[in-house]
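This report refers to the structure that appears directly beneath it.
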Amino acid sequence: MENGIETTAEAAEASVLSRAVHTGGQDCAENAKKPAKLGTGKGKSPAQWAYERIALYIRKFEETLDSEHEVGMGFVGTEMGVMHVQGMGWFAPDIVTFYGVDARGGKMQLIQHVTQLNVALRAAPRQQETARRIGFELAQALEEPA
């Protein structure tokens, strides 16, 4: 949409990219107010687009946790157990990375292609005096004005 005019294909793509559906009555990321900078993903690499939406899922999940738990991630198709998430990043065009520690405090990093991305969020007992809310840190940049 270089000149402000969308083709039919661009309009159809934008309408699909900006929608999400979640049923079951849960208060979830799909139904939450989206930050202005999130947009529709148009002009973003698949890695950046995946990163931004995962950050919103993590933040929403953390809202359901008590002070004794923080977000942990289990990774589908691996035997690595649960990672206490300390950070997340992306490398355009198609890599998403997760940083953290395992249950024993061992350093972990997962580097994953966006087409292989499957993440299970889990409530994990906190590892420090105060549970860390990484989702709020990750999503903070999305809240800032574009």
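Rule-based calculations on the coordinates, nothing more; no lab input. A quick note: this is a predicted structure, and the numbers were derived from the prediction, not measured. Because the Cβ atoms are built from the backbone with ideal geometry, glycine has one as well, and the counts that use them run over all protein chains shown.
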Built amide H within the under 5 Å cut-off of Gln86, gap 5+ = Tyr99, Gly100, Val101
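Given Cα positions, please report Rg to Rh for the stretch 59-137, the hydrodynamic radius being the Kirkwood one. Each step should come with its number before you reach the end.
Working: Rg = 12.4 Å, Rh = 12.9 Å.
That ratio equals 0.96.
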Sequence neighbours fewer than 8 away in the same chain don't count; with that in mind, list the lysines whose C-alpha is under 28 Å from Lys34.
-> Lys42, Lys44, Lys60
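Take each of the peptides 106-115, 44-53, average the number of other beta-carbon atoms within 10 Å over its residues, and list them starting from the highest. Please list the in-between numbers first.
Details: 106-115: 13.2, 44-53: 19.3.
Descending mean neighbour count gives 44-53, 106-115.
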